[in-house]
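Student: Attaching a single structure in C-alpha coordinates format; questions to follow.
The values are calculated or read from the model by the stated rules, or taken from the named source; none is laboratory data. Just so you know, these numbers come straight off a predicted model, no measurement behind them. Cβ placement follows ideal geometry from the backbone for every residue including glycine, while neighbour counts extend to all protein chains displayed.
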Amino acid sequence: MVLFRIVVALTIAVLAGAIPALGADSPVLVIRDGTLFDSISGTMQPGRTVVIEGPTIQAVGTPEKPVAVPAGARVIDARGKFVVPGLIDAHVHLVHRLNFAHVTGDEVLPLFLANGVTAVRDTGDEIVAQTAVAHFARAQPARCPRVFTASCLIDGDPPIHRDAGLPVTDPAKVPAVVEDMAAWGITTLKIYGKTARPVGRRLIEEGHRLGLTVTGHLINYPAQQAVEDGIDCLEHITSVFDFAIPPEAASRPGHRAFVDLGNPQAKSLVAALAARKVMVVPTLTVFRNMLLLSDLEEIHHHPDNAAVPERLRTSWDQYRQTQKLTPETRERRRAEFRKYQELTGILWRAGVPLLAGTDAAEPYCPPGLALHQELELLVGSGLTPAAALQAATIAPARALKQAHHLGSLEAGKVADLVILTSDPTADVRNTRKIEVIVRGGEVCRPKR
(Lines give C-alpha, C1' and ligand atoms only; values in the text may rest on other atoms or scores of the structure.)
Protein backbone atom coordinates (compact mmCIF):
# COMPACT_ATOMS: atom_id res chain seq x y z
CA MET A 1 0.00 0.00 0.00
CA VAL A 2 2.88 2.35 0.74
CA LEU A 3 4.31 1.72 -2.72
CA PHE A 4 0.96 2.45 -4.33
CA ARG A 5 0.65 5.73 -2.43
CA ILE A 6 4.11 6.75 -3.58
CA VAL A 7 3.29 5.91 -7.20
CA VAL A 8 0.00 7.80 -7.13
CA ALA A 9 1.54 10.75 -5.28
CA LEU A 10 4.26 11.01 -7.89
CA THR A 11 1.74 10.61 -10.68
CA ILE A 12 -0.55 13.32 -9.32
CA ALA A 13 2.34 15.67 -8.65
CA VAL A 14 3.67 15.18 -12.15
CA LEU A 15 0.35 15.42 -13.89
CA ALA A 16 -0.60 18.50 -11.90
CA GLY A 17 1.89 20.61 -13.77
CA ALA A 18 5.51 19.54 -13.96
CA ILE A 19 5.89 21.45 -17.26
CA PRO A 20 8.84 23.14 -18.86
CA ALA A 21 9.51 26.52 -17.28
CA LEU A 22 10.15 28.28 -20.61
CA GLY A 23 7.02 30.17 -21.66
CA ALA A 24 5.02 28.53 -18.92
CA ASP A 25 2.26 31.14 -19.20
CA SER A 26 1.90 30.76 -22.96
CA PRO A 27 -1.17 29.01 -24.36
CA VAL A 28 1.00 27.71 -27.20
CA LEU A 29 3.07 24.53 -26.92
CA VAL A 30 5.50 23.50 -29.67
CA ILE A 31 7.04 20.05 -30.00
CA ARG A 32 9.94 20.64 -32.34
CA ASP A 33 11.71 18.34 -34.80
CA GLY A 34 10.45 14.98 -33.55
CA THR A 35 9.83 11.80 -35.52
CA LEU A 36 6.04 11.47 -35.62
CA PHE A 37 4.07 8.25 -35.92
CA ASP A 38 1.42 8.68 -38.61
CA SER A 39 -1.21 6.25 -37.36
CA ILE A 40 -3.18 6.46 -40.61
CA SER A 41 -0.36 5.16 -42.79
CA GLY A 42 1.47 3.32 -40.01
CA THR A 43 4.76 5.06 -40.78
CA MET A 44 7.28 7.14 -38.87
CA GLN A 45 7.78 10.63 -40.30
CA PRO A 46 10.94 12.51 -39.29
CA GLY A 47 11.41 16.24 -38.76
CA ARG A 48 7.85 17.04 -37.64
CA THR A 49 7.02 20.09 -35.54
CA VAL A 50 3.65 20.10 -33.79
CA VAL A 51 2.10 23.43 -32.81
CA ILE A 52 -0.55 23.17 -30.09
CA GLU A 53 -2.75 25.97 -28.81
CA GLY A 54 -4.97 25.19 -25.86
CA PRO A 55 -6.22 21.62 -26.28
CA THR A 56 -5.93 21.53 -30.08
CA ILE A 57 -3.23 20.81 -32.63
CA GLN A 58 -3.02 23.90 -34.83
CA ALA A 59 -0.41 22.72 -37.32
CA VAL A 60 2.10 19.98 -38.07
CA GLY A 61 5.17 21.25 -39.88
CA THR A 62 7.36 19.16 -42.17
CA PRO A 63 10.86 19.72 -43.55
CA GLU A 64 9.23 20.71 -46.82
CA LYS A 65 6.59 22.93 -45.22
CA PRO A 66 8.00 24.18 -41.92
CA VAL A 67 5.92 26.09 -39.41
CA ALA A 68 7.05 29.11 -37.45
CA VAL A 69 7.48 28.82 -33.70
CA PRO A 70 5.33 31.54 -32.11
CA ALA A 71 7.21 33.96 -29.87
CA GLY A 72 6.99 33.02 -26.20
CA ALA A 73 5.71 29.51 -26.88
CA ARG A 74 6.65 26.64 -24.62
CA VAL A 75 9.02 24.53 -26.69
CA ILE A 76 9.95 20.88 -26.25
CA ASP A 77 12.96 19.85 -28.32
CA ALA A 78 12.02 16.43 -29.68
CA ARG A 79 15.07 15.84 -31.84
CA GLY A 80 15.97 12.17 -31.59
CA LYS A 81 12.60 11.44 -29.94
CA PHE A 82 9.46 9.72 -31.21
CA VAL A 83 6.00 11.29 -30.98
CA VAL A 84 2.96 8.98 -31.01
CA PRO A 85 -0.75 9.65 -30.51
CA GLY A 86 -2.01 9.09 -26.98
CA LEU A 87 -2.72 5.39 -26.48
CA ILE A 88 -6.31 4.18 -26.16
CA ASP A 89 -7.21 1.05 -24.19
CA ALA A 90 -10.23 -0.29 -26.08
CA HIS A 91 -11.49 -2.66 -23.37
CA VAL A 92 -11.52 -1.81 -19.67
CA HIS A 93 -13.95 -2.06 -16.76
CA LEU A 94 -13.80 0.79 -14.29
CA VAL A 95 -16.38 -0.64 -11.87
CA HIS A 96 -17.08 -4.37 -12.23
CA ARG A 97 -13.80 -6.06 -11.32
CA LEU A 98 -12.70 -3.30 -8.98
CA ASN A 99 -15.83 -3.82 -6.88
CA PHE A 100 -14.54 -7.20 -5.70
CA ALA A 101 -11.40 -5.53 -4.34
CA HIS A 102 -13.25 -2.60 -2.74
CA VAL A 103 -11.42 -0.23 -5.09
CA THR A 104 -13.11 2.61 -6.96
CA GLY A 105 -12.32 3.68 -10.50
CA ASP A 106 -10.94 7.07 -9.52
CA GLU A 107 -8.10 5.30 -7.67
CA VAL A 108 -6.72 3.67 -10.81
CA LEU A 109 -7.43 6.34 -13.43
CA PRO A 110 -4.05 8.10 -12.87
CA LEU A 111 -2.24 4.86 -13.65
CA PHE A 112 -3.64 4.90 -17.18
CA LEU A 113 -2.50 8.45 -17.88
CA ALA A 114 0.93 8.00 -16.28
CA ASN A 115 1.56 5.15 -18.71
CA GLY A 116 0.62 7.05 -21.84
CA VAL A 117 -3.01 5.89 -22.03
CA THR A 118 -4.90 9.11 -22.67
CA ALA A 119 -8.31 7.49 -23.31
CA VAL A 120 -10.14 4.33 -22.29
CA ARG A 121 -13.24 2.60 -23.57
CA ASP A 122 -15.28 1.08 -20.78
CA THR A 123 -17.01 -1.93 -22.31
CA GLY A 124 -19.80 -2.60 -19.84
CA ASP A 125 -20.43 -1.70 -16.24
CA GLU A 126 -23.29 -0.74 -13.95
CA ILE A 127 -24.42 2.43 -15.65
CA VAL A 128 -24.70 4.86 -12.72
CA ALA A 129 -21.32 3.97 -11.17
CA GLN A 130 -19.63 3.92 -14.57
CA THR A 131 -21.04 7.35 -15.40
CA ALA A 132 -19.85 8.72 -12.06
CA VAL A 133 -16.30 7.54 -12.81
CA ALA A 134 -16.48 9.21 -16.22
CA HIS A 135 -17.67 12.45 -14.59
CA PHE A 136 -14.70 12.30 -12.21
CA ALA A 137 -12.33 11.87 -15.15
CA ARG A 138 -13.80 14.89 -16.92
CA ALA A 139 -13.43 16.98 -13.77
CA GLN A 140 -9.79 15.91 -13.30
CA PRO A 141 -8.25 16.13 -16.80
CA ALA A 142 -4.72 16.59 -15.45
CA ARG A 143 -4.92 13.24 -13.65
CA CYS A 144 -7.20 11.06 -15.72
CA PRO A 145 -7.65 9.69 -19.24
CA ARG A 146 -10.74 10.41 -21.26
CA VAL A 147 -13.41 7.86 -20.35
CA PHE A 148 -15.90 6.65 -22.97
CA THR A 149 -18.75 4.66 -21.49
CA ALA A 150 -20.87 1.73 -22.62
CA SER A 151 -24.18 0.22 -21.65
CA CYS A 152 -24.61 -2.34 -18.94
CA LEU A 153 -23.89 -5.90 -20.08
CA ILE A 154 -27.16 -6.67 -21.85
CA ASP A 155 -27.68 -10.34 -21.14
CA GLY A 156 -30.09 -13.17 -20.56
CA ASP A 157 -31.96 -13.83 -17.34
CA PRO A 158 -30.33 -14.22 -14.90
CA PRO A 159 -27.33 -12.28 -16.22
CA ILE A 160 -23.87 -13.81 -15.94
CA HIS A 161 -22.61 -10.82 -13.95
CA ARG A 162 -25.39 -9.63 -11.68
CA ASP A 163 -23.52 -6.46 -10.67
CA ALA A 164 -23.08 -5.23 -14.25
CA GLY A 165 -25.65 -7.25 -16.21
CA LEU A 166 -29.07 -6.20 -17.41
CA PRO A 167 -31.43 -9.05 -18.34
CA VAL A 168 -33.35 -8.51 -21.58
CA THR A 169 -35.12 -11.50 -23.09
CA ASP A 170 -38.02 -9.87 -24.99
CA PRO A 171 -37.06 -8.16 -28.29
CA ALA A 172 -40.05 -5.84 -27.87
CA LYS A 173 -38.39 -4.30 -24.80
CA VAL A 174 -35.13 -3.56 -26.57
CA PRO A 175 -35.99 -0.07 -27.92
CA ALA A 176 -36.77 1.28 -24.44
CA VAL A 177 -33.60 -0.25 -23.02
CA VAL A 178 -31.45 1.25 -25.75
CA GLU A 179 -33.11 4.66 -25.40
CA ASP A 180 -32.42 4.59 -21.67
CA MET A 181 -28.77 3.61 -22.14
CA ALA A 182 -28.29 6.30 -24.79
CA ALA A 183 -29.68 8.91 -22.40
CA TRP A 184 -26.68 8.19 -20.14
CA GLY A 185 -24.35 9.35 -22.90
CA ILE A 186 -22.83 6.00 -23.85
CA THR A 187 -20.86 5.46 -27.04
CA THR A 188 -21.10 1.66 -27.12
CA LEU A 189 -23.93 -0.84 -26.71
CA LYS A 190 -22.72 -4.16 -25.27
CA ILE A 191 -24.34 -7.52 -26.03
CA TYR A 192 -23.35 -10.17 -23.49
CA GLY A 193 -23.02 -13.94 -23.34
CA LYS A 194 -26.51 -15.31 -22.72
CA THR A 195 -28.23 -13.03 -25.24
CA ALA A 196 -30.02 -14.96 -27.98
CA ARG A 197 -30.25 -13.89 -31.61
CA PRO A 198 -33.72 -12.26 -31.60
CA VAL A 199 -32.69 -9.84 -28.85
CA GLY A 200 -29.19 -9.41 -30.27
CA ARG A 201 -30.47 -8.54 -33.73
CA ARG A 202 -32.89 -5.98 -32.30
CA LEU A 203 -30.11 -4.47 -30.16
CA ILE A 204 -27.99 -4.00 -33.29
CA GLU A 205 -30.89 -2.37 -35.14
CA GLU A 206 -31.78 -0.01 -32.31
CA GLY A 207 -28.16 0.78 -31.50
CA HIS A 208 -27.49 1.77 -35.08
CA ARG A 209 -30.65 3.85 -35.20
CA LEU A 210 -29.19 5.96 -32.39
CA GLY A 211 -25.69 6.08 -33.87
CA LEU A 212 -24.09 3.76 -31.30
CA THR A 213 -21.33 1.24 -31.89
CA VAL A 214 -22.68 -2.21 -31.06
CA THR A 215 -20.24 -4.77 -29.71
CA GLY A 216 -20.59 -8.23 -28.25
CA HIS A 217 -18.98 -10.78 -25.98
CA LEU A 218 -20.69 -13.72 -27.65
CA ILE A 219 -21.55 -17.13 -26.26
CA ASN A 220 -25.17 -18.02 -27.13
CA TYR A 221 -25.38 -15.70 -30.16
CA PRO A 222 -23.13 -17.24 -32.84
CA ALA A 223 -20.62 -14.85 -34.36
CA GLN A 224 -21.71 -15.86 -37.87
CA GLN A 225 -25.24 -14.68 -37.11
CA ALA A 226 -24.12 -11.52 -35.33
CA VAL A 227 -21.94 -10.57 -38.30
CA GLU A 228 -24.82 -11.20 -40.68
CA ASP A 229 -27.04 -9.04 -38.45
CA GLY A 230 -24.59 -6.14 -38.68
CA ILE A 231 -22.67 -6.13 -35.39
CA ASP A 232 -19.78 -3.63 -35.38
CA CYS A 233 -17.31 -5.24 -33.01
CA LEU A 234 -16.51 -8.45 -31.13
CA GLU A 235 -14.92 -8.43 -27.68
CA HIS A 236 -12.30 -11.06 -26.82
CA ILE A 237 -10.66 -13.46 -29.23
CA THR A 238 -13.00 -16.19 -27.93
CA SER A 239 -15.95 -14.43 -29.58
CA VAL A 240 -14.33 -15.53 -32.84
CA PHE A 241 -12.43 -18.65 -31.74
CA ASP A 242 -15.43 -20.39 -30.18
CA PHE A 243 -17.32 -20.18 -33.50
CA ALA A 244 -14.36 -21.18 -35.66
CA ILE A 245 -14.38 -24.75 -34.32
CA PRO A 246 -16.36 -27.26 -36.42
CA PRO A 247 -18.63 -29.68 -34.50
CA GLU A 248 -16.51 -32.71 -35.34
CA ALA A 249 -13.43 -31.05 -33.83
CA ALA A 250 -15.28 -29.83 -30.73
CA SER A 251 -15.92 -33.42 -29.61
CA ARG A 252 -12.20 -34.25 -29.32
CA PRO A 253 -10.48 -33.99 -25.93
CA GLY A 254 -8.33 -30.86 -25.63
CA HIS A 255 -9.62 -29.62 -28.99
CA ARG A 256 -9.07 -25.93 -28.15
CA ALA A 257 -5.32 -26.49 -28.00
CA PHE A 258 -5.08 -28.39 -31.28
CA VAL A 259 -7.89 -27.20 -33.56
CA ASP A 260 -6.90 -26.55 -37.17
CA LEU A 261 -7.71 -22.88 -37.75
CA GLY A 262 -7.53 -23.46 -41.48
CA ASN A 263 -10.79 -25.42 -41.38
CA PRO A 264 -13.62 -24.24 -43.68
CA GLN A 265 -15.78 -22.92 -40.82
CA ALA A 266 -12.94 -20.77 -39.49
CA LYS A 267 -12.02 -19.51 -42.96
CA SER A 268 -15.62 -18.57 -43.69
CA LEU A 269 -15.99 -16.65 -40.44
CA VAL A 270 -12.70 -14.79 -40.91
CA ALA A 271 -13.70 -13.88 -44.45
CA ALA A 272 -17.06 -12.54 -43.24
CA LEU A 273 -15.41 -10.44 -40.54
CA ALA A 274 -12.98 -9.02 -43.08
CA ALA A 275 -15.66 -8.31 -45.69
CA ARG A 276 -17.88 -6.52 -43.17
CA LYS A 277 -14.92 -4.81 -41.46
CA VAL A 278 -16.13 -6.06 -38.09
CA MET A 279 -13.65 -4.95 -35.43
CA VAL A 280 -12.17 -7.48 -33.00
CA VAL A 281 -10.62 -6.73 -29.59
CA PRO A 282 -8.52 -9.84 -28.79
CA THR A 283 -7.67 -8.92 -25.13
CA LEU A 284 -4.83 -11.42 -25.20
CA THR A 285 -3.39 -10.23 -21.90
CA VAL A 286 -6.37 -11.39 -19.88
CA PHE A 287 -6.48 -14.80 -21.59
CA ARG A 288 -2.77 -15.36 -21.04
CA ASN A 289 -3.30 -14.50 -17.40
CA MET A 290 -6.39 -16.63 -16.90
CA LEU A 291 -4.85 -19.67 -18.57
CA LEU A 292 -1.47 -19.43 -16.89
CA LEU A 293 -1.79 -17.31 -13.74
CA SER A 294 -1.56 -20.28 -11.38
CA ASP A 295 1.62 -21.55 -13.01
CA LEU A 296 3.87 -18.69 -13.91
CA GLU A 297 5.45 -16.34 -11.42
CA GLU A 298 6.29 -13.96 -14.26
CA ILE A 299 2.55 -13.26 -14.44
CA HIS A 300 1.48 -12.94 -10.83
CA HIS A 301 4.84 -11.48 -9.77
CA HIS A 302 5.19 -9.21 -12.80
CA PRO A 303 6.79 -5.88 -11.80
CA ASP A 304 3.86 -3.99 -13.35
CA ASN A 305 1.55 -5.35 -10.66
CA ALA A 306 3.31 -3.34 -7.96
CA ALA A 307 1.73 -0.12 -9.24
CA VAL A 308 -1.87 -1.04 -8.34
CA PRO A 309 -3.55 -0.63 -4.95
CA GLU A 310 -2.65 -3.38 -2.49
CA ARG A 311 -6.33 -4.26 -2.11
CA LEU A 312 -6.50 -4.99 -5.82
CA ARG A 313 -3.38 -7.17 -5.79
CA THR A 314 -4.74 -9.10 -2.82
CA SER A 315 -8.00 -9.68 -4.69
CA TRP A 316 -6.10 -10.98 -7.69
CA ASP A 317 -4.05 -13.34 -5.54
CA GLN A 318 -7.18 -14.67 -3.85
CA TYR A 319 -8.76 -15.31 -7.26
CA ARG A 320 -5.63 -17.12 -8.46
CA GLN A 321 -5.67 -19.43 -5.45
CA THR A 322 -9.24 -20.53 -6.25
CA GLN A 323 -8.47 -21.60 -9.83
CA LYS A 324 -6.59 -24.80 -9.00
CA LEU A 325 -4.91 -25.07 -12.40
CA THR A 326 -2.62 -28.10 -12.28
CA PRO A 327 0.88 -28.56 -13.76
CA GLU A 328 -0.45 -31.58 -15.68
CA THR A 329 -2.59 -29.31 -17.89
CA ARG A 330 -0.02 -26.53 -18.29
CA GLU A 331 1.24 -27.46 -21.76
CA ARG A 332 -2.31 -27.86 -23.06
CA ARG A 333 -3.19 -24.44 -21.70
CA ARG A 334 -0.06 -22.94 -23.24
CA ALA A 335 -1.04 -24.49 -26.56
CA GLU A 336 -4.55 -23.06 -26.26
CA PHE A 337 -3.15 -19.56 -25.76
CA ARG A 338 -0.88 -20.04 -28.78
CA LYS A 339 -4.02 -20.84 -30.78
CA TYR A 340 -5.55 -17.54 -29.65
CA GLN A 341 -2.45 -15.75 -30.88
CA GLU A 342 -2.49 -17.72 -34.12
CA LEU A 343 -6.09 -16.66 -34.77
CA THR A 344 -5.23 -13.04 -33.97
CA GLY A 345 -2.53 -13.12 -36.62
CA ILE A 346 -4.91 -14.73 -39.12
CA LEU A 347 -7.46 -11.97 -38.52
CA TRP A 348 -4.88 -9.23 -39.02
CA ARG A 349 -3.50 -10.72 -42.23
CA ALA A 350 -7.08 -11.06 -43.54
CA GLY A 351 -7.70 -7.34 -43.01
CA VAL A 352 -9.95 -7.57 -39.95
CA PRO A 353 -9.58 -4.32 -37.91
CA LEU A 354 -8.01 -5.12 -34.53
CA LEU A 355 -8.22 -3.00 -31.38
CA ALA A 356 -5.82 -3.17 -28.45
CA GLY A 357 -7.70 -3.77 -25.22
CA THR A 358 -6.71 -5.32 -21.91
CA ASP A 359 -9.80 -6.07 -19.78
CA ALA A 360 -8.14 -4.11 -16.95
CA ALA A 361 -8.57 -4.50 -14.03
CA GLU A 362 -9.08 -8.25 -14.35
CA PRO A 363 -6.44 -10.35 -12.52
CA TYR A 364 -2.91 -9.18 -13.25
CA CYS A 365 -4.05 -6.67 -15.87
CA PRO A 366 -2.76 -3.47 -14.21
CA PRO A 367 -4.45 -0.33 -15.53
CA GLY A 368 -2.29 1.49 -18.06
CA LEU A 369 0.62 -0.91 -17.87
CA ALA A 370 -1.34 -3.85 -19.25
CA LEU A 371 -1.74 -2.05 -22.57
CA HIS A 372 2.01 -2.23 -23.11
CA GLN A 373 1.82 -5.96 -22.41
CA GLU A 374 -1.05 -6.25 -24.92
CA LEU A 375 1.00 -4.54 -27.62
CA GLU A 376 3.78 -7.07 -27.07
CA LEU A 377 1.34 -9.97 -27.35
CA LEU A 378 -0.14 -8.54 -30.55
CA VAL A 379 3.34 -8.36 -32.07
CA GLY A 380 3.93 -11.89 -30.82
CA SER A 381 0.81 -12.89 -32.76
CA GLY A 382 2.27 -11.67 -36.03
CA LEU A 383 1.35 -8.00 -36.17
CA THR A 384 4.06 -5.51 -37.00
CA PRO A 385 4.87 -3.00 -34.24
CA ALA A 386 3.30 -0.28 -36.41
CA ALA A 387 0.08 -2.30 -36.76
CA ALA A 388 -0.02 -2.85 -33.00
CA LEU A 389 0.32 0.91 -32.49
CA GLN A 390 -2.52 1.51 -34.92
CA ALA A 391 -4.61 -0.92 -32.87
CA ALA A 392 -4.02 1.31 -29.83
CA THR A 393 -4.55 4.68 -31.54
CA ILE A 394 -6.57 5.25 -34.70
CA ALA A 395 -8.47 1.94 -34.64
CA PRO A 396 -10.12 2.45 -31.22
CA ALA A 397 -10.76 6.09 -32.11
CA ARG A 398 -12.77 4.85 -35.06
CA ALA A 399 -14.61 2.35 -32.87
CA LEU A 400 -15.57 5.22 -30.57
CA LYS A 401 -16.55 7.37 -33.59
CA GLN A 402 -13.95 9.86 -32.37
CA ALA A 403 -11.47 9.66 -35.25
CA HIS A 404 -12.20 13.29 -36.11
CA HIS A 405 -10.86 14.22 -32.64
CA LEU A 406 -8.50 11.46 -31.52
CA GLY A 407 -6.20 8.69 -32.70
CA SER A 408 -3.82 10.60 -34.99
CA LEU A 409 -1.70 13.74 -34.83
CA GLU A 410 -3.22 16.16 -37.32
CA ALA A 411 -4.23 19.81 -37.38
CA GLY A 412 -7.64 20.30 -35.80
CA LYS A 413 -7.45 17.23 -33.59
CA VAL A 414 -7.13 17.09 -29.82
CA ALA A 415 -3.52 17.25 -28.59
CA ASP A 416 -3.22 13.86 -26.89
CA LEU A 417 0.26 12.49 -27.50
CA VAL A 418 3.26 10.74 -25.96
CA ILE A 419 6.94 11.50 -26.54
CA LEU A 420 9.14 8.40 -26.41
CA THR A 421 12.90 8.16 -26.20
CA SER A 422 13.13 5.14 -28.55
CA ASP A 423 11.36 4.05 -31.73
CA PRO A 424 8.30 1.86 -30.98
CA THR A 425 8.10 0.69 -34.60
CA ALA A 426 11.54 -0.87 -34.19
CA ASP A 427 10.58 -2.56 -30.91
CA VAL A 428 7.06 -2.20 -29.56
CA ARG A 429 8.41 -2.46 -26.00
CA ASN A 430 9.68 1.08 -26.52
CA THR A 431 6.16 2.35 -25.84
CA ARG A 432 7.19 2.10 -22.19
CA LYS A 433 10.07 4.57 -22.69
CA ILE A 434 7.94 7.61 -21.98
CA GLU A 435 9.49 11.03 -21.53
CA VAL A 436 6.53 13.40 -21.88
CA ILE A 437 2.76 12.98 -21.99
CA VAL A 438 0.48 15.64 -23.43
CA ARG A 439 -3.20 15.30 -22.64
CA GLY A 440 -5.46 17.95 -24.15
CA GLY A 441 -2.50 20.28 -24.59
CA GLU A 442 -1.33 19.94 -20.98
CA VAL A 443 2.20 18.62 -20.48
CA CYS A 444 3.57 16.21 -17.90
CA ARG A 445 6.85 14.39 -17.41
CA PRO A 446 6.15 11.24 -15.42
CA LYS A 447 9.06 9.81 -13.49
CA ARG A 448 9.65 6.13 -14.22
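Student: Are any residues in the stretch 422-448 at pLDDT 95 or above, in contact with a helix residue (DSSP H, G or I) (Cβ under 8 Å, 6 or more places away or on another chain) and either assigned to a strand (DSSP E or B) or not charged (D, E, K, R) (or both), and if so, which ones?
Tutor: Matches in the stretch 422-448: S422, P424, T425, A426, V428, T431, I437, R439.
Student: Same structure again: In the stretch 305-344, what residues are hydrophobic (A, V, I, L, M, F, W, C) and either touching a His at 6+ places or on another chain (Cβ under 6 Å) or within 30 Å of V103 (Cα to Cα) (or both)?
Tutor: A306, A307, V308, L312, W316, L325, F337
Student: Could you tell me how many of the residues in the stretch 357-385 are under 17 Å from P396 (Cα atoms), in a loop (DSSP other than H, G, I, E, B) and hydrophobic (A, V, I, L, M, F, W, C)?
Tutor: 1
Student: Could you say which residue among L98, L189 is among the aliphatic types (A, V, I, L, M), in contact with a Gly (Cβ under 7 Å, 6 or more places away or on another chain), part of a helix (DSSP H, G or I) and within 30 Å of N220 (Cα to Cα)?
Tutor: L98
Student: Output the qualifying pairs, or none if there are none: Cβ atoms under 9 angstrom, residues six or more apart or on different chains, first residue in the stretch 35-53 and surrounded by fewer than 17 Cβ atoms within 10 Å (Cβ to Cβ), second residue part of a strand (DSSP E or B) and aromatic (F, W, Y).
Tutor: T43/F37; Q45/F37
So that you can scan it fast, the table gives a plain yes or no per residue for (1) more than 18 Å from D416 (Cα to Cα); (2) part of a strand (DSSP E or B); (3) more than 28 Å from the chain's Cα centre (by Cα):
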residue: M44; (1), (2), (3): no, yes, no
residue: G47; (1), (2), (3): yes, yes, yes
residue: V50; (1), (2), (3): no, yes, no
residue: V60; (1), (2), (3): no, yes, no
residue: V69; (1), (2), (3): yes, no, yes
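Student: Inside the stretch 192-208, can you point out the residues that are assigned to a helix (DSSP H, G or I) and either hydrophobic (A, V, I, L, M, F, W, C) or not assigned by TED's automatic domain parsing to the domain that holds P159 (or both)?
Tutor: Of everything in the stretch 192-208, those that are assigned to a helix (DSSP H, G or I) and either hydrophobic (A, V, I, L, M, F, W, C) or not assigned by TED's automatic domain parsing to the domain that holds P159 (or both) turn out to be V199, L203, I204.
Student: Here is a further query. List, please: which pairs have Cβ atoms under 6 Å, are six or more places apart or on different chains, and start with a residue in the stretch 197-208 that is touching a residue at least 24 places away in the same chain (Cβ under 8 Å) and end with one that is hydroxyl-bearing (S, T, Y)?
Tutor: Close Cβ pairs satisfying both conditions: R197/Y221; G200/Y221.
Student: Do we find that L420 is in contact (Cβ under 8 Å) with a residue 24 or more places away in the chain, surrounded by 18 or more Cβ atoms within 10 Å (Cβ to Cβ) and under 30 Å from A275 (Cα atoms) in this structure?
Tutor: The answer is no for L420.
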